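Enquirer: One structure follows; several queries about it will come next.
The values are calculated or read from the model by the stated rules, or taken from the named source; none is laboratory data. Values in this document were obtained by computation on a predicted structure and should not be read as measured data. Cβ: placed from backbone, ideal geometry, glycine included. Neighbour counts: every protein chain shown. Side chains are part of the model used for accessible areas, which takes the heavy atoms of the whole protein and leaves out ligands, DNA and RNA. Shrake-Rupley method; radii C 1.70, N 1.55, O 1.52, S 1.80 Å.
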Amino acid sequence: QVRLVESGGDSVQAGGSLRLSCAVSGVRIMPACMGWFRQNPGKEREKVARMPTPAGRTQYANDVLDRFLISRDSAKSTLYLQMDYLKPEDTALYYCAARIEDCPWLWSTTDFGFWGQGTQVTVSS
């Protein structure tokens, strides 16, 4: 069973930066498809970024494009999300997700069967 543990969330001011980490365990190698999502109370979970592993084309939600960067370190079995130029609307609980199979052509929350517990990001104006 895949286990995912997020860390790195914090409270920052608008324009600041954070790097989130997702430690992967329970599998021989990192899952073939991994991604980041975020969610606020009363709202559905939103797509943020995804990437195939060990390497491949990445995909980002329009509102984080050119500000966020998804990456990995296979030696450390860790997925990252570098977030720059943070905005108050980026405030959310951020989740790491994984699926064993390759990333599908279309991107959906239902693609991912394994989820972390979430890490809170709060951006003040």
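Enquirer: Could you list all residues from region 13-30 that are hydroxyl-bearing (Ser, Thr, Tyr) and farther than 19 Å from ARG50 by Cα?
Expert: Correct list: SER17 only.
Enquirer: Any idea which of THR53, THR58, THR78 is open to solvent by 40 Å² or more (accessible area, probe 1.4 Å) and under 19 Å from LEU4 (Cβ atoms)?
Expert: Answer to the check: THR58.
Enquirer: Does LEU20 meet the test of being surrounded by 12 or more Cβ atoms within 10 Å (Cβ to Cβ) and farther than 15 Å from CYS103 by Cβ?
Expert: For LEU20, the condition - surrounded by 12 or more Cβ atoms within 10 Å (Cβ to Cβ) and farther than 15 Å from CYS103 by Cβ - is met.
Enquirer: GLY9 - would you say it is touching a residue at least 40 places away in the same chain (Cβ under 8 Å) and either in contact with a strand residue (DSSP E or B) (Cβ under 8 Å, 6 or more places away or on another chain) or part of a loop (DSSP other than H, G, I, E, B) (or both)?
Expert: Against the criterion (touching a residue at least 40 places away in the same chain (Cβ under 8 Å) and either in contact with a strand residue (DSSP E or B) (Cβ under 8 Å, 6 or more places away or on another chain) or part of a loop (DSSP other than H, G, I, E, B) (or both)), GLY9 qualifies.
Enquirer: Given the options ARG57, ARG72, name the one that is in a strand (DSSP E or B) and at pLDDT below 95.
Expert: Criteria check complete, one pass: ARG72.
Enquirer: Scan region 92-117 residue by residue and report those that are surrounded by 18 or more Cβ atoms within 10 Å (Cβ to Cβ) and either under 30 Å from GLY15 (Cβ atoms) or among the hydroxyl-bearing types (Ser, Thr, Tyr) (or both).
Expert: Listed by number, the residues that qualify are ALA92, LEU93, TYR94, TYR95, CYS96, ALA97, GLY116.
Enquirer: Moving to a separate point now. Would you please name the residue that is least open to solvent (accessible area, probe 1.4 Å), looking only at residues in region 81-91 that are over 13 Å from VAL12 (Cβ atoms) and of a type outside the set (Asp, Glu)?
Expert: Among them, the one singled out is LEU81.
Enquirer: With respect to GLU46, is the statement that it is among the acidic types (Asp, Glu), open to solvent by 50 Å² or more (accessible area, probe 1.4 Å) and within 11 Å of the chain's Cα centre (by Cα) true?
Expert: For GLU46, the condition - among the acidic types (Asp, Glu), open to solvent by 50 Å² or more (accessible area, probe 1.4 Å) and within 11 Å of the chain's Cα centre (by Cα) - is met.
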